[in-house]
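Report on the structure given below.
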Amino acid sequence: LLSLLSLFLLAVVLFQYQTEKVVLSQKISDLQMNTLKTNMNPHFIFNIMNLIQAMIVKSEKKKALEATSELGNLNRLFLETSNKELISLEDEIEYCERYMALESMRFEDEQSFNFLLDIEENLNLTGWQIPPLILQPLLENAIKHGRSGRNNIRLNASLNKPHVLKISVENDLPKPKSAKNIISTQMGMKLVRERLDMMNERYSHLFKASFSVIIIDNTYNVVIELKQVSHDWIYE
């Protein structure tokens with residue numbers, strides 16, 4: 001009886017230990033995810049506020065009000081989505097559109113980029129779920145490191161296979177560069193890769209995400225592929 005009681009107590013202690021370990025691991029993972037999300041774009045708000053201030057100084061009241069309104073809409077979307085682990089592709093694309101609209105206002109005088117959105121017809125934007133704010137750093141990177149002058153930036157979303165979502169951000173490069181060197185020197189790209197790795201661990205039963213960079217003919221193309229593992233979580 002004493003032996004059985006000892007084994008029972010040991011099993012209870014081990015169970016509690018494992019439970020506490022899982023809970024602690026989950027909390028650490030949540031903190032890491034939140035840290036990554038809050039560091040996705042540390043300069044954007046500062047730059048937009050400087051833009052609005054410059055518009056006010058130039059007495060461009062209408063443009064300043066438009067920029068303020070767009071910034072408010074963008075912040076609203078950020079607050080609605082940033083605390084979620086997964087959001088619809090539709091919400092993510094809306095955030096990207098508003099982000100690029102503000103960036104185009106910031107670079108309006110320079111005419112530095114042309115943003116193109118290419119979404120495959122009949123793609124289920126509300127059904128596919130992706131990590132929030134995962135594409136904005138790629139767009140920011142395309143603006144910063146793209147070709148000087150008129151840089152074409154393209155956001156594409158399509159089904160590569162029946163159950164594989166392909167999202168790519170392309171931009172023009174001034175000259176051929178090494179993909180390895182580009183990735184290693186940019187924090188935004190590093191954060192995207194880390195977030196995808198963490199999502200793969202947490203949602204291995206749902207999907208498998210991959211990240212790759214392709215450079216062809218002075219075009220820099222960052223590709224995220226989301227392979228569906230479970231057939232129950234995407235389509236209604």
Say we look at the stretch 138-169 and pick out the residues that are of a type in the set (Ser, Thr, Tyr) and modelled with pLDDT of 85 or more; which of these is most open to solvent (accessible area, probe 1.4 Å)? Ser158
Set Ala54, Ala101: member being more than 25 Å from Leu206 (Cα to Cα) and either modelled with pLDDT of 85 or more or within 19 Å of the chain's Cα centre (by Cα) (or both): Ala101
State yes or no: is Asp172 open to solvent by 70 Å² or more (accessible area, probe 1.4 Å) and either modelled with pLDDT of 80 or more or closer than 23 Å to Leu125 by Cα (or both)? no
Residues of the stretch 121-137 being open to solvent by 40 Å² or more (accessible area, probe 1.4 Å), farther than 24 Å from Glu103 by Cβ and within 17 Å of the chain's Cα centre (by Cα), which ones? Thr126, Gln129
Inside the stretch 192-205, can you point out the residues that are among the aliphatic types (A, V, I, L, M) and either in contact with a strand residue (DSSP E or B) (Cβ under 6 Å, 6 or more places away or on another chain) or open to solvent by less than 30 Å² (accessible area, probe 1.4 Å) (or both)? Val192, Leu196, Met199
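The values are calculated or read from the model by the stated rules, or taken from the named source; none is laboratory data. Being a predicted model, the structure only gives us computed values, none of them experimental. No Cβ is skipped: glycine too gets one built from the backbone with ideal geometry, and neighbour counts run over all protein chains shown. What goes into the accessible areas is simple: the full protein's heavy atoms, side chains included, and nothing from ligands, DNA or RNA. Shrake-Rupley method; radii C 1.70, N 1.55, O 1.52, S 1.80 Å.
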